[in-house]
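Asker: I have a structure here, written as structure tokens, and I will follow up with some questions on it.
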Amino acid sequence: MSSPTPPNEHSELYAQIYEEIRAIARRSMASERRSHTLQPTALANEAFLALARVREAGAFERTHVVALASRAIRRILVNHATARLARRRGDGARQEELDEQLSDELSAPSGADPLELVALNEALEELERVDARQAQLVELRFFGGLSHEDIARIQGVSARTVDGDWALARAWLRRRIDSAKDPR
Amino acid sequence: MSRHSQIRALFLEALAAPAAAREELLRRACGSDEELRAEVESLVRIHEAEESFLDAGALGSGFRVSEALARSDELRVGPYLALALIGDGASSLVYRACDTRSGVEVALKLLRPGALSAQTIEDLLAEAELLRGLEHPAIARCLDAGRANLHGASSAYLALEFVRGTTLNVYVRSSRACVRQRIELLAAVARAVQHAHERGCAHNDLKPDNILVDGEGRPKLIDFGAARSLRSSGEAARPPGGTPRYSSPERRNGRAPFDAVASDVYSLGAIAWELLTAQAPGDEGSPSEAQPSAAVTLELRGELERVVRHALEHEPARRCRSAAFFADELERYLAGEAVLSPRPSAARRLAEFARANRVLVGGFAATLLALMAGVAGTSWALQRARVARDAEREQRELAEVRLEQSQAARQRAVQGAKILGELFRRFSDRSRDGAEKVEAALVSAANALPPVLAGAEEVQFALHHSLGIALADFGRYELTVEQLERALALAGGEREEQLERRASLLLDIAAAQSLRGDQLASLARIDEVQRLADLHASISAPTRLRCAVARASALLERGRTDEVRVLAAQIRAQHGYAPGASSLALASIEGRLLTEEGRFEQAIEGLTPALAAARAQLGERHDVTLGLLNNLGSAWSQAKDFAPAEALLDAALEGRTKVLGERHPDTLQTLHNLASLRRRQGRLEEALDLQARAARGRAEVLGPLHPRTLLSRNNYASQLQALGRFPEALVELRDLLESAELVLPERHWQRGLYRRNLAVLLHEMGEYDEARTNYRACLELWEAQFRPDDPRLSDVRHLLSLLP
């Protein structure tokens, strides 16, 4: 097992993974006719195909691919959530005899609430500055769906450390998000 | 040790300690650092108290990147490596896959393992067997088939030729295929079906979704999942399910005997109908009964209609006999040769029609007489003004009687005109646009009659006036204006009632101009009335009020909300809350303004008593009452109180449909608002359907490029977007933007709106660069139009800032 390399967002591999997953997201939005938004299951179903392909292309370290994929999923979901929030609030211009042209409120998707997602992203950015390891853990666990054992291996720490990190990061983020929601 | 590490250590230590000991532990460890203690305490509290959304994954708990990687090997089926899921059916999954031996891309149809699917392994292998017998450029080939083992369950797969393309409907819309190209596509598909039939195979599920068109515009027939051998018989020959919209009547009804060839031919006809009329075959009854309405026949007329109808014959025995014949006919049509499909005799059809409509035909003759005598045609607008005055004189009952009379007469005239149109259509050799004929008849009557009526200027006046109003019912407002202008030329004189009549006529013209979408012309006419009123003290107060309200309404239509607000306040100050239609129309406008500002409660507060007053003073069926129902309903809808909204909008729709007819712009407005309500209620499919009807109606009545039609199309696109149907929404919005730039004045606010909405869609689709370009273009347009503090500007700026 190689030593954990922090995922590098500027690497060729990341660009490749990001584009793969984004293409999947786009396609699943385009083809899922009944869905109101990104279908998490569709995305999940296809994400692994993409990862398999990336892996076949150039025998990369598995952990590396996983970490980069988690980051890519985070970015895609947050961008998407931001766009949805924009649409939700975007009542925009209204004219005519009570014609309403925009205001397409969406019902909540089956994944996380977009508000929560965007808030989480902001809080996570803050956590990155305070403790990068905990931030990466959240990214791997929440966006990548990795188990604590896998994360421990990627981060080169014990599973116990991951458990502790998680307990703190979880509470810490919750508090950040709540205080941002209703600033006292 | 960093602050955060310190917090971590204390936090974990506190968690490990029994709850009762924590406080003491923290007090000791933190000493004087109160802040640290407070922070750790709150973190512990949160940890204990809450279940966090973080516990589940962002993609649901079922997804693990690491497992995904491990599972990826399982998506090897035989020599194929699945690359992406492209189709997700009840019984099978379709992947874009790669043949690892050759690197060739295939469409891999995989039976859902373990699913309770209708299709069994044997069915799938039988499909492969049928497909192997086919060899046609317009049929996707079967390359390979076999059994497979998936997740321990047995399954089977088909490797099919991979077609890079879109479905027929999407292709036709996005490529804007012309009629010729559409017919060529249909003929090519019919040839493919013919080939299958000749090789003894019926497709059984022909529909646009099962026809892909590749980048070069060549169609490919796919999905032979319901296909059966023509040699099988009895129950084995009868295919399962099918898509009702494209299924033959005998298949829908399950009637025996079932002829698979005739049934496929019917489906070809249904696809042709949809492709050429842009109307789903099942929109109104089955296609064999459907009458193409004026606007949708543009592309399906004369001989072509005969060919398609022949394929849609209800009786299989009378139907076009084969796919080959259908293809031949289409090709003959394209070559300009005479087609062989029979035509139902005109005489028979007319006789049937006249029998069914005897009463109406009789009524029409009476109506024509009345029209010519200038009796029936009292302008509804003029009538409305009279009603208002009558109401003020507290002759409400009389007013209602008059209104009913004028409406009855109007309806008779409209009915008559429609019948005239229908008769023309039935009689004519080629079924040309019926409405055009009626208009032509009305206009030629207007041209032919004046000499006959020389000297009888009053009758001439009534003739032009009533023709103008009748034409308005066809939505032909430019012809309305022409006729009313001619009436105006005859309405000279300086006598008090003559001046009054002129003012009223000018206001009618202004109303027609406004409905045409030409607010400037409308305002010019209103200015004329204003001048008349300034010059002649005799012009009545109700007419003055009507004039002022018409101005407010036209300005509102132009989006000049700020001016309308000022004007409405002035009118209110000057005229107070006098009873009468105009005053209530003003209340309606005031309600609209408040709703637009998002002040729903105040809007509702103002509109509710106005509606009650209108019901009492003007009656249920009055135009203004119906308008108030609509506006109040819409205010409730936007305030998200759905029960009253639904009741009011339903009542408005019912009333407007009865009084004004289905096709009247106001009726369509209510339909439009009802669509918005359904969307808010989350009844998205219903909303889409209503919105499509509103958009189609407006395109027919107001014209495809009228600003209101554009708005409806915009909402339709929005609805598609809400349903996740992005490609269709994209086509619609791009088309819309192009239309808007073609017809709307340079600085019309809607131009910016469509840019914005296109950008929002692109934003959501992840096309950030193009989204950015469009947001910017929108901003540029709106910055030149709106005040710097207008919320629409900050909205777009905000959206722009959200782009990654």
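The values are calculated or read from the model by the stated rules, or taken from the named source; none is laboratory data. Just so we're clear, the structure is a prediction, and the values are computed from it rather than from any experiment. Note: ideal-geometry Cβ built from the backbone for every residue, glycine included; neighbour counts use all protein chains shown. Note: areas computed on protein heavy atoms with side chains; ligands, DNA, RNA excluded. Shrake-Rupley method; radii C 1.70, N 1.55, O 1.52, S 1.80 Å.
Asker: Got a sec? Which of B:747, B:713 is open to solvent by 20 Å² or more (accessible area, probe 1.4 Å), of a type in the set (Lys, Arg) and modelled with pLDDT under 85?
Answerer: It is B:747.
Asker: Moving to a separate point now. Can you tell me which residues in region B:679-688 are touching a residue at least 12 places away in the same chain (Cβ under 8 Å) and surrounded by fewer than 24 Cβ atoms within 10 Å (Cβ to Cβ)?
Answerer: Answer for region B:679-688, where residues must be touching a residue at least 12 places away in the same chain (Cβ under 8 Å) and surrounded by fewer than 24 Cβ atoms within 10 Å (Cβ to Cβ): B:680, B:681, B:684, B:685, B:688.
Asker: Inspect all residues belonging to region B:506-514 and state whether any of them is over 11 Å from residue B:554 (Cα atoms), in contact with a Leu (Cβ under 9 Å, 6 or more places away or on another chain) and acidic (Asp, Glu).
Answerer: So far as region B:506-514 goes, yes, one or more of its residues are over 11 Å from residue B:554 (Cα atoms), in contact with a Leu (Cβ under 9 Å, 6 or more places away or on another chain) and acidic (Asp, Glu).
Asker: Looking at (1) in a helix (DSSP H, G or I); (2) open to solvent by less than 10 Å² (accessible area, probe 1.4 Å), can you tell me which one residue A:145 breaks?
Answerer: Evaluating residue A:145 over (1) in a helix (DSSP H, G or I); (2) open to solvent by less than 10 Å² (accessible area, probe 1.4 Å) leaves (1) as the failure.
Residue-by-condition table, conditions (1) over 30 Å from residue B:641 (Cβ atoms); (2) at pLDDT below 85:
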| residue | (1), (2) |
| --- | --- |
| B:518 | yes, yes |
| B:530 | yes, no |
| B:536 | yes, no |
| B:567 | no, no |
| B:576 | yes, yes |
| B:581 | no, yes |
| B:608 | no, no |
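Asker: Would you pick out the residues in region B:522-549 that are within 33 Å of the chain's Cα centre (by Cα) and over 16 Å from residue B:488 (Cβ atoms)?
Answerer: B:523, B:549
Asker: I would also like to ask the following. Considering A:93, A:171, A:81, which residue is in a loop (DSSP other than H, G, I, E, B) and either hydrophobic (A, V, I, L, M, F, W, C) or modelled with pLDDT of 90 or more (or both)?
Answerer: Result of the check over A:93, A:171, A:81: A:93.
Asker: Right, here's the next one. Among residues belonging to region B:20-38 that are closer than 28 Å to residue A:133 by Cα and of a type in the set (A, V, I, L, M, F, W, C), point out the one that is surrounded by the fewest Cβ atoms within 10 Å (Cβ to Cβ).
Answerer: Top of the filtered list is B:38.
Asker: Follow-up question, since we're still on this one. For the condition assigned to a helix (DSSP H, G or I) and open to solvent by less than 10 Å² (accessible area, probe 1.4 Å), what is the one hit in A:126, A:122, A:116, A:139?
Answerer: Selected residue: A:139, the only one of A:126, A:122, A:116, A:139 that is assigned to a helix (DSSP H, G or I) and open to solvent by less than 10 Å² (accessible area, probe 1.4 Å).
Asker: Consider residue B:728 carefully, then state whether it is touching a residue at least 60 places away in the same chain (Cβ under 8 Å) and either in a helix (DSSP H, G or I) or open to solvent by 30 Å² or more (accessible area, probe 1.4 Å) (or both).
Answerer: When the stated conditions are applied, residue B:728 passes them.
Asker: Take the residues of region B:482-512 that are over 42 Å from the mean Cα position of the chain (by Cα) and charged (D, E, K, R): which is nearest to residue B:706 (Cα to Cα)?
Answerer: B:497
Asker: Restricting to region B:229-260, name every residue that is out of contact with any Pro (no Cβ under 9 Å at 6 or more places or on another chain), farther than 11 Å from residue B:205 by Cβ and at pLDDT 70 or above.
Answerer: Those that are out of contact with any Pro (no Cβ under 9 Å at 6 or more places or on another chain), farther than 11 Å from residue B:205 by Cβ and at pLDDT 70 or above: B:229, B:230, B:231, B:232, B:244, B:253, B:254.
Asker: Which of (1) in a helix (DSSP H, G or I); (2) at pLDDT below 90; (3) acidic (Asp, Glu) is the odd one out, the single condition residue B:494 does not satisfy?
Answerer: Result: residue B:494 passes all but (1).
Asker: Right, next: Return the pair list, or none, for Cβ contacts closer than 7 Å from residues in region B:308-335 that are at negative phi to residues that are aromatic (Phe, Trp, Tyr) and crowded, with 23+ Cβ neighbours inside 10 Å, at least 6 apart or on different chains.
Answerer: B:308/B:273; B:311/B:266; B:311/B:326; B:312/B:266; B:312/B:273; B:319/B:266; B:320/B:326
Asker: Something else about it: Going through B:542, B:579 one at a time, which residue ends up being more than 30 Å from residue B:698 (Cα to Cα), in contact with a helix residue (DSSP H, G or I) (Cβ under 7 Å, 6 or more places away or on another chain) and open to solvent by 30 Å² or more (accessible area, probe 1.4 Å)? Explain how you work it out, then say what you get.
Answerer: Details: B:542 fails: open to solvent by 30 Å² or more (accessible area, probe 1.4 Å).
Checking each option against the conditions leaves just B:579.
Asker: A further question follows. Report yes if residue B:796 is within 20 Å of residue B:684 (Cα to Cα) and part of a helix (DSSP H, G or I), otherwise no.
Answerer: no
Asker: Further question on the same structure: Within region B:752-770, which residues are at the interface with chain A (Cβ under 7 Å from one of its Cβ atoms) and within 14 Å of residue A:82 (Cβ to Cβ)?
Answerer: Result: B:760, B:763, B:764, B:765, B:766.
Asker: Does any residue of region B:717-736 turn out to be more than 8 Å from every other protein chain (Cβ to nearest Cβ) and either over 29 Å from residue B:209 (Cβ atoms) or among the basic types (Lys, Arg) (or both)?
Answerer: Yes, region B:717-736 has at least one match.
Asker: What tally of residues in region A:162-184 results from selecting those that are more than 10 Å from every other protein chain (Cβ to nearest Cβ) and among the β-branched types (Val, Ile, Thr)?
Answerer: Count: 1.
Asker: Out of the residues in region A:148-168 that are β-branched (Val, Ile, Thr) and in a helix (DSSP H, G or I), which is nearest to the chain's Cα centre (by Cα)?
Answerer: Initially, region A:148-168 is screened for residues β-branched (Val, Ile, Thr), giving A:151, A:154, A:157, A:161-162.
Subset that is in a helix (DSSP H, G or I): A:151, A:154, A:161-162.
Working: A:151: 16, A:154: 18, A:161: 23, A:162: 19 Å.
Of everything passing the filter in region A:148-168, A:151 is nearest to the chain's Cα centre (by Cα).
Asker: Let me spell it out: the conditions are (1) surrounded by 21 or more Cβ atoms within 10 Å (Cβ to Cβ); (2) part of a strand (DSSP E or B), and residue B:154 meets all of them except one. Which number is the exception?
Answerer: Evaluating residue B:154 over (1) surrounded by 21 or more Cβ atoms within 10 Å (Cβ to Cβ); (2) part of a strand (DSSP E or B) leaves (1) as the failure.
Asker: Is it the case, given these coordinates, that residue A:184 is part of a loop (DSSP other than H, G, I, E, B), modelled with pLDDT under 80 and surrounded by fewer than 18 Cβ atoms within 10 Å (Cβ to Cβ)?
Answerer: So residue A:184 fits the description; yes.
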